[in-house]
1. Which residue, of Arg86, Arg99, Arg54, Arg107, is touching a Pro at 6+ places or on another chain (Cβ under 8 Å) and at negative phi?
2. I need the helices (runs of 4 or more DSSP H) fully contained in the stretch 1-86, keeping only those with at least 1 residues that are of a type in the set (Gly, Ala, Ser) and farther than 24 Å from Ala97 by Cα.
3. Criterion first (under 26 Å from Ser12 (Cα atoms) and modelled with pLDDT of 95 or more) does Asp55 satisfy it?
4. Criterion first (touching an Asp or Glu at 6+ places or on another chain (Cβ under 9 Å), closer than 25 Å to Ile20 by Cα and not acidic (Asp, Glu)) does Ala97 satisfy it?
5. Identify, please: which residue in the stretch 30-41 is touching a residue at least 24 places away in the same chain (Cβ under 8 Å) and out of contact with any strand residue (DSSP E or B) (no Cβ under 8 Å at 6 or more places or on another chain) and is, among those, farthest from Glu71 (Cα to Cα)?
6. Can you find, within the stretch 91-109, the residue that is surrounded by the fewest Cβ atoms within 10 Å (Cβ to Cβ) among those that are in a helix (DSSP H, G or I) and among the basic types (Lys, Arg)?
Amino acid sequence: MAYDNRRGFEYSREQLELAIALALEGRTKSFIIDALATTANSFYKYLEDHDAFRDNFSHAVSEGHEMLADELLVIPDIIPDVQKARLKSDNIKWILAKRKPQVYGERIEMNVTSTLDIQSVLAEAKQRVEARRSETIDVTPALESHTDSEDDGL
């Protein structure tokens, strides 16, 4: 890592490749910053100044989340202790729900942006009912009239 007055810190190709590789593994940004032996401020400034690396890094982070999700499938095979396996999988699910809520979140959010004229909708519904009324067959059994003389036989 070298400092350039015009652009701030510059990372070597190996450091940039390491950052991408760690992001693909699903490592946290703080872990990546520690592995690069740099500061958060320098790293984020570098991301801000280098569009191509920022795009590659963002894609790697997103793919890293997918790797974490895939890891959920093999945790029982890797960790024989049920409690430890549950703890690790719960932690991964929590992280994924926070970092990619649109994919892994538990809340379903639905936004409706269309508007309806309720009067016209109700008028159309009434027309459909009236049109089907002629097709309707009344299957209600007719009630027989009871007289007192019929009840005497019981």
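1. When all the criteria are applied, what remains is Arg107.
2. Those helices (runs of 4 or more DSSP H) span 29-35, 40-49, 51-78.
3. yes
4. yes
5. The selected residue is Ala37.
6. Checked the stretch 91-109; the qualifying residue surrounded by the fewest Cβ atoms within 10 Å (Cβ to Cβ) is Lys98.
The values are calculated or read from the model by the stated rules, or taken from the named source; none is laboratory data. The structure displayed is predicted, hence computed values, not measured ones. Heads up, the Cβs are rebuilt from the backbone with ideal geometry, glycines too, and the neighbour counts pull from every protein chain shown.
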